Amino acid sequence: QGPGGGAGGGSQVSLHKCSGHTDSIYSIATNAGGTVVLSGSIEKTSANSRGLIRMWDPRSGERAGRLKGHTDNIRALVVSEDGRHCVSGSSDATIKLWDLGQQRCISTVAVHTDSVWALAASSDFSTVFSGGRDLCVYATKLRGTESTLLFQTPEGNLPLRLALAPGEGAVWVASTSSDVELWEFGAALESELRGRKW
């Protein structure tokens, strides 16, 4: 199998090249149906601000819009299943909920004290889970933006990615440590936390 060769000796080709960012891209997301593609970068948006989310048409690869409002790098993105909303996490320590049709920010949550690096959302997109450089993992209700601290990872174990477990009563955390951890918090976000390492 040569360079670029796939299973059975085939080759892979890029179907689309979405060009438009002027700086490094740190996050990308799409909805389950693949009707919306978003990318987040550290692109400069004004004299004192960085951080731009671009919307792409997945059929053509053309630009479909942009979302401005963060003041630093866009580290994480999650899109709702219906493709109408997204949540972004940034190095400016905020989480933003966006209306993609209107291309505007609906609400901003400033619960972390440092960069937000990881996001996951409940299947009904009512709650977003966020992990940050402050070592904290929060659950935030997107209506009313009420946040609950679920747990804090051990010193030096910065949460880089989050994935909800089936049943949504626990979250998998990939961090800068060599472990993947499953943290249980219960459906009501009130049960005693237990961390299990694999």
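The values are calculated or read from the model by the stated rules, or taken from the named source; none is laboratory data. Computed from a predicted model, the values in this text were never measured in an experiment. Quick reminder, even Gly has a Cβ in these numbers, built from the backbone with ideal geometry, and neighbours come from all protein chains shown. Just so you know, the surface numbers come from the protein's heavy atoms only, side chains and all, with ligands and any DNA or RNA stripped out. Shrake-Rupley method; radii C 1.70, N 1.55, O 1.52, S 1.80 Å.
The GluC sites (Glu not before Pro) of segment 110-191 meeting both criteria, a DSSP state outside H, G, I, E and B (loop) and at most 13 other C-beta atoms within 10 angstrom of the site's C-beta, are GLU146, GLU155, GLU190. Excluding same-chain neighbours fewer than eight residues apart, the aspartates and glutamates reachable from LYS44 by a Cα-Cα span under 15 Å are ASP23, ASP72, ASP92. Of ASP134, ASP179, the order by accessible heavy-atom surface (1.4 Å probe, DNA, RNA and ligands excluded), from most exposed downward, is ASP179, ASP134.
Under 5 Å from the amide H of SER107 lie the amide H atoms of LEU97, each residue being 5 or more positions distant or on a separate chain, with H modelled from the backbone and absent for Pro and chain starts. The trypsin sites (Lys or Arg not before Pro) of segment 92-195 that DSSP puts in a loop, and whose beta carbon has at most 11 other beta carbons within 10 Å, are ARG143.
Peptide packing for 106-116, 25-35, 122-132 was compared via the average number of neighbouring C-beta atoms within 10 Å per residue; ordered from the highest value, the list is 122-132, 106-116, 25-35. Taking a Cβ cut-off of under 13 Å around ARG133, the surrounding Lys, Arg, Asp and Glu residues balance to a net charge of -4, with basic ones at +1 and acidic ones at -1. Computed from the C-beta positions of THR176 and SER24 and an R0 of 30 Å, the FRET efficiency is 0.90 to the nearest 0.05.
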